[in-house]
1. Please report His143, His267 as a ranked list, fewest other C-beta atoms within 10 angstrom at the top and most at the bottom.
2. Mind sorting Leu227, Leu465 by how few other Cβ atoms lie within 10 Å of their own Cβ, fewest first?
3. Search the structure for amide H atoms under 5 Å from the amide H of Glu116, placed 1.01 Å from N in the peptide plane, and list their residues when 5 or more places away or on another chain.
4. For segment 182-412, rounded, prolate or oblate, judged on the Cα gyration tensor with a ≥ b ≥ c (square roots of eigenvalues), a/c < 1.5 rounded, else prolate if a/b > b/c?
5. Within 10 Å of each residue's Cβ, count the other Cβ atoms and sort His310, His160, His327 from fewest upward.
6. Suppose the chain between Ala108 and Tyr391 were pulled fully straight at 0.36 nm per residue; how much longer would it get relative to their current alpha carbon spacing?
7. Write down the radius of gyration of segment 407-494 and its Dmax, each obtained from C-alpha positions, in Å.
8. A 30 angstrom limit on the alpha carbon distance is what I want to check against. Which of Lys104/Lys187; Lys134/Lys216; Lys216/Lys381 exceed it?
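Nothing in this text is a laboratory measurement; each read-out follows from the coordinates by a stated rule. What you see is a predicted model; the values in this text were computed from it and never measured. Here the Cβ positions follow ideal geometry from the backbone for every residue, glycine too, while neighbour counts run over all protein chains shown.
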Amino acid sequence: MKTQPTEMLEQTLNRDQETEERAEHYADLQTARTLVTQIAAVQRLLRIYRPNNAAVSQAGDSLMETLQVLFRDMAAVEIRYWRDCIFVNGDRLRCDVSNFTAYKSLLAQTGRLEIEKLEIDSGIGREEIIDFLKLLDALDSDHIKGEDVADRIVSEGFKHTAVVPSAQSKNLEDLGIKALTSQERAKRAFYAALGSAKEALITQTSQGVVSLRKAKRAVHAAADALLEDEVSVLALAAIKDHDEYTFSHSVNVCIFSLAIGQRLGLHRNWLGRLGIAALFHDIGKTSIPTGVLNKIGVLDVDEWKAIRQHTLMGVKSLCKMPKTDEHMMHSMIVAFQHHINLDLSGYPDVPAETSLDLFSRIVRIADTFDAMTTERPYRNKVYSPHEAIRYLVSQAGIKFDPVLVKAFAAAMGIYPIGTVLRLNSGEIGIVVRRSELSGDADRAMIRVIVDRDGNQTAQEVFIDLGEVDPDTGDFIYQIDETLSCQDLGVNPRDYLIS
Ligand SMILES: [Fe+2]
Ligand SMILES: [Fe+2]
């Protein structure tokens with residue numbers, strides 16, 4: 001058949017577009033290759049000259065020019081090392097004669113340092129990148145490895161660079177663990193964050209710096225785990241009896257806040273900052289007598305005043321941290337604002353023109369959700385996660401930022417993990433993950449607690465609410481109602497941790 005002129009034109013245009021895209025991709029790869037060569041060049045010069053030497057500065061300028069090209073499309077550049085290969089922003093770089101030395105020297109160094117990823121964000125400047133590469137070299141000479149490398153980068157105050165220790169670093173090998181599943185990594189990150197929260201909240205004064213470093217590392221690990229396996233991390237946050245309330249509440253608020261932050265596409269460094277602020281949001285509560293915090297019944301005027309003071313006390317506690325960096329400044333804002341609603345109701349009282357910080361608005365949502373769904377001595381009703389989401393949605397635009405509520409509801413699902421449901425078929429089950437068969441937000445995977453004959457079951461029976469009747473095309477299962485774990489006498493822990 002003869003090709004019509006319009007079709008020919010379309011084909012030519014498509015071809016041109018394809019060629020253009022391929023050319024762009026090729027150009028990106030070339031830039032990435034240049035980047036690797038330039039990083040190695042700066043490091044080589046730093047081994048001979050001081051950082052302020054003209055040759056080092058010149059090489060640093062060239063490196064910055066290349067980074068700027070990559071930052072046009074992305075807020076951060078990610079260099080990953082995996083099995084003798086280098087990937088820049090997900091693209092594997094070929095090793096050939098022109099870049100062989102640079103390629104191998106970078107791989108050898110990251111291998112010795114036991115790191116698998118370098119991240120450089122667009123806020124970086126020439127001095128910082130030079131100092132960063134110098135530090136990597138110094139740590140290499142001192143045989144520092146893995147997590148300690150990541151620690152030093154944070155403690156030395158690098159704001160626009162980060163490293164991720166390799167999954168098979170010494171510590172894991174010592175434990176006889178070669179590779180962890182994403183679920184195991186999620187669990188580790190979660191409990192590490194819990195431990196750090198406890199430590200940081202207890203040792204607020206002289207040991208503050210050490211605890212803060214640990215907290216930062218744990219938050220980054222939690223953010224990474226969440227990126228990798230959101231469902232597993234959110235499932236851990238649905239279990240409410242990890243430890244004393246303030247610690248597990250702080251970690252849960254951190255996890256939920258990070259889930260919102262990730263949905264917003266915040267860069268890793270900002271996620272770290274958000275996570276820290278969320279972890280410390282209630283730090284002021286450590287100065288309130290526990291008798292008041294856990295009082296059953298109505299609080300008198302003075303007790304209520306003391307509770308409200310925890311926002312200001314939080315700022316004071318954070319001020320006492322020996323190092324006041326940007327993380328801490330942001331944490332202070334969140335500690336102060338996290339009980340103020342979008343319409344500026346709540347506490348403390350603030351002037352009518354106050355604009356709430358983004359992190360405070362995020363933590364406000366995460367905090368409300370966790371408080372509503374957790375059993376406390378003074379609270380009569382524990383809301384199911386589903387009811388709590390519905391409450392947040394009903395108050396979107398009034399108490400809560402509507403865009404952030406939407407992001408949170410998207411992360412949690414309409415029936416979040418831990419929600420107990422009764423199905424039209426008679427079974428009662430707890431939501432353990434999302435449906436594997438349907439992308440609908442109200443379809444989940446449940447683990448059966450009580451079978452259709454009313455018998456409690458200890459066996460692992462799952463029902464996917466996304467299952468469709470092949471004859472009618474309709475969903476087989478419908479949700480009759482949501483139930484509370486409290487009324488059923490069920491502990492989600494028994495079903496959510498495997
Ligand atoms: Fe609070
Ligand atoms: Fe709180």
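1. Final ranking by Cβ density, sparse to dense: His143, His267.
2. Final ranking by Cβ density, sparse to dense: Leu227, Leu465.
3. Val164, Ser166
4. rounded
5. His160, His310, His327
6. So the extension gain works out to 96.5 nm.
7. Using the Cα atoms of segment 407-494, the pair Rg, Dmax is 12.7, 39 Å.
8. Exceeds cut-off: Lys104/Lys187; Lys216/Lys381.
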